[in-house]
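> One structure follows; several queries about it will come next.
The values are calculated or read from the model by the stated rules, or taken from the named source; none is laboratory data. Keep in mind that what you see is a predicted model, and the values were worked out from it rather than measured. Because the Cβ atoms are built from the backbone with ideal geometry, glycine has one as well, and the counts that use them run over all protein chains shown. Side chains included, ligands, DNA and RNA excluded: accessible areas come from the protein's heavy atoms. Shrake-Rupley method; radii C 1.70, N 1.55, O 1.52, S 1.80 Å.
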Amino acid sequence: MSGGLKAWAFAKPTRMRRFMNVWPPFLFAGIYVQELSEDYTFCRVKLRAWVATRNVNGSQFGGNLFAMTDPIYPLMLLGIFGKEYFVWDKEATIEFIKPAFHAAYFECRLNQDEILAIKQACADGNKHFPVLENHIVDAQGNVLAKVKRTLYIRLKPGYRPQAS
């Protein structure tokens, strides 16, 4: 996570959303965080359709579609778990299904069962690699791409249980 973003990782959701919308990697790529819930369990991101986000075929640039998914899940989980955890992307893939000629949307949801499962998997201080799969869609809900992200989550050394 970049230095500027790291400083904001534990901000209140409203401040985080505002920061993300002026963060250069999102701002100049036409990426806009429309909503970030107060409990960090939901986020909706939009990739605007404008001349600077189009490729030579007139569709949305694939790199921008992929970029709109990064770093959403790690930031949500940092907002939920706080400063006690490392949360990073470990691996990510995208499968493009159909071209995006208009705005594209990415919605992320984390339910309480998923959050609890991650906390339990990390409770002993070991690394955990949850896999989160999602879709990028257009305004009509048509799937444009499938995204799979593997995260690295672990308690920071000062918060890990002591070995006996």
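> At 1.4 Å probe size, put ASP70, ASP124, ASP113 in order of accessible surface, largest to smallest.
Highest to lowest solvent-accessible surface, that is ASP113, ASP124, ASP70.
> Continuing with the same structure: In sequence order, what are the phi-derived ³J(HN,Hα) couplings for the stretch 76-90 according to the Karplus relation 6.51 cos²θ - 1.76 cosθ + 1.60 with θ = phi - 60°, rounded to whole Hz, with x for glycine and proline?
Listing the rounded values in order: 4, 5, 5, x, 7, 8, x, 6, 6, 10, 8, 9, 9, 6, 9 Hz.
> Amide H to amide H, which residues 5 or more places from GLY30 or on other chains are under 5 Å from it, using H placed in the peptide plane?
Counting only residues 5 or more places away or on other chains, the set is empty.
> Would you please name the chymotrypsin sites (Phe, Trp or Tyr not before Pro) within the stretch 44-86 that are DSSP coil residues with at most 15 other C-beta atoms within 10 Å of their C-beta? Intermediate values should be presented prior to the final figure.
Details: sites: TRP50, PHE61, PHE66, PHE81, TYR85, PHE86; in loops: TRP50, PHE61.
Here the sparse-neighbourhood loop sites are TRP50.
> Taking 0.36 nm per residue of separation and subtracting the Cα-Cα distance, what length does fully extending GLN162 through GLN140 add?
On the way: separation 22, 0.36 × 22 = 7.92 nm, distance 5.13 nm.
Going from the current span to full extension adds 2.8 nm.
> Which loop chymotrypsin sites (Phe, Trp or Tyr not before Pro) in the stretch 87-164, with loop taken from DSSP, have no more than 14 other Cβ atoms within 10 angstrom of their Cβ?
Qualifying residues, ordered by number: PHE101.
> Amide H to amide H, which residues 5 or more places from GLY125 or on other chains are under 5 Å from it, using H placed in the peptide plane?
Placed amide hydrogens put LEU155 under 5 Å from GLY125.
> Once the Cα gyration tensor of the chain is found, what semi-axes does its equivalent ellipsoid get, as square roots of 5 times the eigenvalues, in whole Å, sorted largest first?
Each semi-axis is the square root of five times an eigenvalue, giving 30, 17, 13 Å.
> At 1.4 Å probe size, what's the solvent-accessible area of ILE94? Round to the nearest 10 Å².
40 Å²
> Follow-up. Can you give the accessible area of SER59 in Å² (nearest 10), computed on protein heavy atoms with a 1.4 Å probe?
Using a 1.4 Å probe on the heavy atoms, I get roughly 10 Å².
> Same structure, new question: How high is the relative contact order of the chain? Use alpha-carbon pairs under 8 Å, at least six apart in sequence, and give a whole percent.
Dividing the mean separation by the residue count of the chain yields 21 percent.
> Averaged per residue, what accessible surface does the chain expose to a 1.4 Å probe, in Å²?
Spelled out: the 1.4 Å probe surface of the chain, per residue, equals 54 Å².
> Which loop-located trypsin sites (Lys or Arg not before Pro) does the stretch 106-164 contain, where loop means any DSSP state but H, G, I, E or B and the Cβ has at most 15 other Cβ atoms within 10 Å? Present the calculation step by step, with values, prior to reporting the outcome.
Values: sites: ARG109, LYS119, LYS127, LYS146, LYS148, ARG149, ARG154; in loops: LYS127.
Answer by residue number: LYS127.
> Right, next: Pull up the cross-link candidates among the aspartates and glutamates for LYS98, meaning alpha carbon to alpha carbon under 14 Å and not fewer than 8 places away within one chain.
ASP138
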